[in-house]
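Some notes on the structure that comes next.
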Amino acid sequence: MSAYHQPIMVQTCLDMLQLKAGGIYVDATLGGGGHALAMYQTEPKIRLYAFDQDADAIAEAGQRLKDYNPVLIQANFRDLRTSLAYNKVKGIDGILFDLGVSSHQIDETERGFSFDRDAALDMRMDRGQELNAAQVVNESSTAELRRIFREYGEENAAGRIARAIETARADKAIATTKDLASIIESVVGVGSKESLMTKVRIFQALRIFVNDELGALPIALTDAINLLNPGGRIVVMSYHSLEDRIVKNTFKLEATDCICPPAIINCICEHSSKLKIITRRPLMADSEEISDNVRSRSAKLRVAEKKKGEQC
Ligand SMILES: C[S@@+](CC[C@H](N)C(=O)[O-])C[C@H]1O[C@@H](n2cnc3c(N)ncnc32)[C@H](O)[C@@H]1O
């Protein structure tokens, strides 16, 4: 098992992808390459295009998969369509998204994702990107911070924490994870479960904002669905309700024919369904996996299949 990241619901992903020899597949979130390796071990005769925006992941997984021949693409999956076109890929037989951050990103102190490791407030998955968490915390208006904490962290104390940040940064810039954790504790106290959960939500909100996670996802899902060959499957694992909602709604939209408002009697939208939804309810990890890997507890896996006769 890789110390970089322990892959989640591997067998379910493989069962759902239905890999076939000669097929073209995409791992949109390569991470440590655990899922990709399992894909090759199940069906070595696949062509795999593997994306990650984090150079560490590309290096780690490249090493791990060196006996196979994946095409490694260091890019944001929001650029899936253009990156695949650049590689002359016109259609794919399956795609896996395992969203969010890897254990490596959380555990590497210097990446600044974790409130219980002191480091510069960074949180960029792609370290070539300009915007980092310190800039967001120090330069956003109080109203914007409140919105970020509310929208991406679903945090009740969003306004109070935003105001505490405004007060603290007037004195000195908020530079580290510990600086931010202390400001949160000054609002919600230290040591309680609520204090811990508030830090989890605020750090999650910042991470989502810095990496524009909810902006990239719908673009990538739509492009992936368009690229799928008939019978090809899209498998998505998400770890919080905001992501899962986007996946559920995108699948639902693409599995629907007419999307005209109810008042329109004769359809003018000309929308036709491209997908068959395979999982009406999300699949979850079993209790054995959850006791072995606590991160699997929040995983929700949804699958859809491109209808026959539909292609990009
Ligand atoms: C949960 S980990 C994937 C773990 C992987 N399945 C494995 O078996 O090791 C998520 C990975 O997706 C990457 N990632 C997240 N959002 C991305 C995006 N928009 N574009 C490209 N990579 C992304 C992260 O950098 C991280 O390495």
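The values are calculated or read from the model by the stated rules, or taken from the named source; none is laboratory data. Note that the structure is a prediction, hence the values are computed from the model and not measured. Here Cβ is always computed from backbone atoms with ideal geometry, including for glycine, and neighbour counts include all displayed protein chains. Please note that ligands, DNA and RNA were not included when accessible areas were found on the heavy atoms of the full protein model with its side chains. Shrake-Rupley method; radii C 1.70, N 1.55, O 1.52, S 1.80 Å.
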Starting from the Cα of Lys172, draw a straight line to each of the aspartates and glutamates and keep only those under 14 Å, dropping any in the same chain fewer than 8 residues away.
Glu139
Using DSSP to define loop residues, name the trypsin sites (Lys or Arg not before Pro) in segment 164-215 whose beta-carbon has at most 15 other beta-carbon atoms within 10 Å.
Lys172
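Going down the table (Lys20/Lys248; Lys45/Lys307; Lys252/Lys307; Lys20/Lys306), which pairs top 18 Å between alpha carbons?
Over 18 Å Cα-Cα: Lys20/Lys248; Lys45/Lys307.
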Name the residue from Ile24, Ile208, Leu37 whose Cα lies farthest towards the positive end of the charge dipole of the chain, charges +1 on Cβ of Lys and Arg and -1 on Cβ of Asp and Glu.
Ile24
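Determine the share of the chain's accessible area contributed by carbon and sulfur atoms, expressed in whole percent, with a 1.4 angstrom probe.
Working: 7260 of 14810 Å².
The computed percentage sits at 49.
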Which residue fluctuates the most in the chain, going by a Gaussian network model with Cα springs under 10 Å, if the choices are Gly33, Gly94, Gly159?
Gly159
Work from the charge dipole of segment 130-210 (Cβ charges, +1 for Lys and Arg, -1 for Asp and Glu, about the Cα centre) and give the residue of Asn132, Ala173, Ser192 farthest towards its positive end.
Ser192
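Considering only the chain, what is the antiparallel percent among its DSSP beta bridges, to the nearest 5? Write down the numbers at each step before the final one.
Values: 11 of 28 bridges.
About 40 percent, rounded to the nearest 5.
Once you order the gyration tensor axes a ≥ b ≥ c over the Cα atoms, which shape class does segment 106-179 get: rounded for a/c under 1.5, otherwise prolate or oblate by comparing a/b with b/c? Walk me through the numbers on the way to the answer.
Values: a/c = 1.64, a/b = 1.46, b/c = 1.12.
Since a/c reaches 1.5 and a/b is larger than b/c, the shape of segment 106-179 is classed as prolate.
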Within 10 Å of each candidate Cβ there may be at most 16 other Cβ atoms; applying that plus a DSSP loop requirement, which trypsin sites (Lys or Arg not before Pro) in segment 1-106 survive?
Lys20, Lys45, Lys66, Lys88, Lys90
Over the chain, average the accessible area per residue using a 1.4 Å probe and give it in Å², no decimals.
47
Whole-Hz ³J(HN,Hα) for each residue in segment 168-177, computed from phi via Karplus 6.51 cos²θ - 1.76 cosθ + 1.60 with θ = phi - 60°, x for glycine and proline: what do you get?
5, 6, 5, 8, 7, 4, 8, 9, 10, 4
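How many percent of the alpha carbon pairs in the chain exceed a separation of 31 Å? List each step's numbers first, then the result.
Values: 16858 of 48516 pairs.
Cα-Cα pairs of the chain separated by over 31 Å account for 35 percent.
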Give a residue-ordered list of calculated ³J(HN,Hα) values for segment 208-213 (Karplus: 6.51 cos²θ - 1.76 cosθ + 1.60, θ = phi - 60°; whole Hz; x for Gly, Pro).
4, 5, 4, 9, 6, 5
Leading residue at positive end of dipole, the chain (Cβ point charges), from Gly62, Met123, Ile234:
Ile234
Expected-Rg normalisation [2.2 N^0.38 Å, Cα atoms] applied to segment 139-297:
1.36
